[in-house]
Amino acid sequence: MAAITRLVKRASPSISSTAARSLFCSESSSHAPPQEHFHAPPRKDPKDRNVQWVFLGCPGVGKGTYASRLCNLLGVPHIATGDLVRHELASKGPLSSQLSEIVNQGKLVSDDIIIRLLSKRLADGESKGESGFILDGFPRTINQAEILEGVIDIDLVVNLKLQEEALLAKCLGRRICNQCGGNFNVASIDIKGENGSPGMFMAPLLPPANCMSKLITRADDTEDVVKERLRIYNETTQPLEEFYRSRGKLLEFNLPGGIPESWPKLLQALNLDDYDEKRSAAA
Ligand code: AMP
């Protein structure tokens, strides 16, 4: 395996100054990972590999839903760092009790841990011959974005946006099937347009009958925790919009409603609307 382990040399100076920090920090984390921990696929010309995209957006906006549909369409893996964290939690390994405390409070885990988890996922994918990806939930801090820029060429960052009113309702309505892992939403969102701003209707995304009795709610989808996650997003992650805008990589996309309205428009915005046959395969 042509495993390439590269450190962002630019990030190194901060390593020594932060080395003594705890592995587990909250939103203020700027702890760069040790050199040996960032694994990245070899840099290739974009025409010789699949897309390397990032999805940005507040909790509840639908990053997972749209990223996973696009991954089906484009044949690339959907790498969600939240899933990597939940997998680590479920494994009951040495990190899990500290991780669960942080995640269940809606805080961010340290850059160091998240980069270790992501690096391992990238290395596993590379050994299986994966090419390209859509990252969902990473980066979430400027430090993470700088580290990523140093090791991987990100082609495009899609910033999904949704009216703030809908975000909390969507998080609280989220349900996961504990058998098939499918993501559903029981919230029915009907926002009336006011003072010239458009209204919005989002129908629930209900599970099939065989998942109905197996639905669970994420431990961090309670009202207080979602509010904390939104606060942290606005404070710590939103600055990434400018980070990527200034590099000419940001595509802003305002979700006009639920999946039926948004999906075709997103494909259009990405110049993928000629993927007609594949579109239904991804649905
Ligand atoms: P998500 O499923 O993306 O909402 O992530 C669930 C939780 O995992 C977050 O609230 C964080 O505690 C943690 N997490 C996921 N991605 C990151 C990241 N890039 N940096 C720090 N913490 C993360």
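The values are calculated or read from the model by the stated rules, or taken from the named source; none is laboratory data. In this text the structure is predicted, and so the values were computed from the model without any measurement. Methodologically, a virtual Cβ is constructed for each residue, glycine included, from the backbone with ideal geometry; neighbour enumeration extends over all protein chains shown. To get the accessible areas, we keep the full protein, side chains included, count just its heavy atoms, and leave off ligands, DNA and RNA. Shrake-Rupley method; radii C 1.70, N 1.55, O 1.52, S 1.80 Å.
Filtering segment 81-95 for residues that are closer than 24 Å to L250 by Cβ, more than 8 Å from the ligand (Cβ to nearest atom) and crowded, with 18+ Cβ neighbours inside 10 Å leaves an empty set.
Could you list, in sequence order, the residues of segment 83-111 that are farther than 24 Å from N183 by Cβ, at pLDDT 90 or above and assigned to a helix (DSSP H, G or I)? Those that are farther than 24 Å from N183 by Cβ, at pLDDT 90 or above and assigned to a helix (DSSP H, G or I): E101, D111. Pairs linking a residue in segment 180-194 that is without any contact (Cβ under 8 Å) to a residue 40 or more places away in the chain and within 26 Å of I216 (Cβ to Cβ) to a residue that is open to solvent by 80 Å² or more (accessible area, probe 1.4 Å) and not small (G, A, S), with Cβ atoms under 6 Å and 6 or more positions apart or on different chains, are D190/F201. Mind checking whether some residue in segment 142-162 is within 25 Å of T217 (Cβ to Cβ) and among the hydrophobic types (A, V, I, L, M, F, W, C)? The answer is yes, given that some residue of segment 142-162 is within 25 Å of T217 (Cβ to Cβ) and among the hydrophobic types (A, V, I, L, M, F, W, C). In segment 133-156, of all residues being more than 10 Å from the ligand (Cβ to nearest atom) and acidic (D, E), the one that is most open to solvent (accessible area, probe 1.4 Å) corresponds to E146. Among residues belonging to segment 193-226 that are under 28 Å from I102 (Cβ atoms) and surrounded by 15 or more Cβ atoms within 10 Å (Cβ to Cβ), point out the one that is nearest to the ligand (Cβ to nearest atom). Per the stated criteria, the residue is D220.
Taking first residues from segment 71-99 that are of a type in the set (S, T, Y) and partners that are assigned to a helix (DSSP H, G or I), the Cβ contacts under 8 Å between residues at least 6 apart in sequence or on separate chains come to T81/I114; T81/L117; T81/L118; S96/E88; S96/L89; S96/A90. Checking the structure you have, find out if any residue of segment 170-177 is open to solvent by 20 Å² or more (accessible area, probe 1.4 Å), more than 16 Å from the ligand (Cβ to nearest atom) and among the basic types (K, R). No. With respect to the numbered conditions (1) within 23 Å of E241 (Cβ to Cβ); (2) of a type outside the set (V, I, T); (3) surrounded by fewer than 20 Cβ atoms within 10 Å (Cβ to Cβ), which one is the sole condition not fulfilled by G75? The failed condition is (1).
Here P42 fits the description: in contact with a helix residue (DSSP H, G or I) (Cβ under 9 Å, 6 or more places away or on another chain) and surrounded by fewer than 18 Cβ atoms within 10 Å (Cβ to Cβ).
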